[in-house]
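Peer 1: Below is one structure. I have some questions about it.
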Amino acid sequence: MIFHVLKIFIFHRLHPWSLLGAFKRKAISLGTTYLKADAVAFEFKNMQDVMVDGMSNGTYESLDRLLVKTEDGEIQAIKFAVVVIAAGANSGNVARMARIGTGSEALSVPLPVVPR
Ligand SMILES: Cc1cc2nc3c(=O)[nH]c(=O)nc-3n(C[C@H](O)[C@H](O)[C@H](O)COP(=O)(O)OP(=O)(O)OC[C@H]3O[C@@H](n4cnc5c(N)ncnc54)[C@H](O)[C@@H]3O)c2cc1C
């Protein structure tokens, strides 16, 4: 893979779309699943045993699943342990779905990414 990328740099002008395609093919070969869908909401779960500053005990809710809408309009739920918001200029909106910027304490700080 690295040799392939170096070859592109040395012998050709780098084509960003080809590089992105190469990364994607490698990720798929390592087990990544790509799903073409819009993130529309997060589901939360109550964490009875977690204590958070500024919140009454037993009221904290953590992110649990992401709901996505596929191209044929189907809603699917994706369970995750860790989520990375990488929605480009729309990241502020997706962060709001995760209550970032609308909650209390640390969650009161919004993600300062807005479309220009
Ligand atoms: C016209 C233009 C020209 C540019 N030229 C250059 C350049 O020459 N060199 C350079 O280095 N940078 C350039 N940039 C900047 C570069 O494109 C961005 O910095 C880079 O793409 C950001 O990458 P990203 O992965 O954070 O976001 P993006 O590439 O924007 O990817 C975010 C993805 O999230 C998806 N998404 C958004 N909301 C949701 C949702 N709710 N559910 C599911 N998916 C969602 C979007 O559809 C998109 O595919 C240019 C930008 C523009 C607009």
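Peer 1: Over the chain, what relative contact order in percent results from Cα pairs under 8 Å that are six or more residues apart?
Peer 2: Working: 138 pairs, mean separation 19.3, N = 116.
Reported as a whole number, the value is 17 percent.
Peer 1: If we count every other residue with Cβ under 15 angstrom of GLU71's Cβ, Lys/Arg +1 and Asp/Glu -1, where does the sum land? The partial results should precede the final answer.
Peer 2: On the way: positive: LYS36, LYS69; negative: ASP38, ASP72, GLU74.
Its environment carries a net charge of -1.
Peer 1: At 222 nm, what value in deg cm²/dmol follows for the chain if DSSP H runs of at least 4 each add -39500 (n - 2.57) and the sum is divided by all its residues, to the nearest 500? Don't jump to the answer; show the numbers that get you there.
Peer 2: Values: 3 runs with 31 residues, N = 116.
Value at 222 nm, helices only, nearest 500: -8000 deg cm²/dmol.
Peer 1: Considering only the other residues whose Cβ falls under 15 Å of the Cβ of LEU107, what net charge follows from Lys and Arg at +1 and Asp and Glu at -1? Don't skip to the answer; put the middle values down first.
Peer 2: Working: positive: ARG96, ARG99; negative: ASP53, GLU61, GLU105.
Neighbour charge sum, excluding LEU107 itself: -1.
Peer 1: Alpha carbon centre of the stretch 81-116 versus the stretch 15-55: separation in Å?
Peer 2: 14
Peer 1: Separate question: Below 29 Å, Cα to Cα, which lysines can LYS69 reach? Residues fewer than 8 away in the same chain don't count.
Peer 2: LYS24, LYS26, LYS36, LYS45, LYS79
Peer 1: In Å and whole numbers, how far do the C-alpha atoms of the chain stretch along each principal axis, longest first?
Peer 2: 61, 30, 29
Peer 1: Based on a Kirkwood Rh over C-alpha pairs, give the Stokes-Einstein translational diffusion coefficient of the stretch 67-116 at 25 °C and viscosity 0.890 mPa s in µm²/s. Present the calculation step by step, with values, prior to reporting the outcome.
Peer 2: On the way: Rh = 12.2 Å.
It comes out at roughly 200 µm²/s.
Laboratory data are not the source of any read-out in this text; all were calculated from the coordinates shown. Note that the structure is a prediction, hence the values are computed from the model and not measured. Ideal geometry is used to build each Cβ from the backbone, glycine not excepted, and the neighbour counts take in all protein chains shown.
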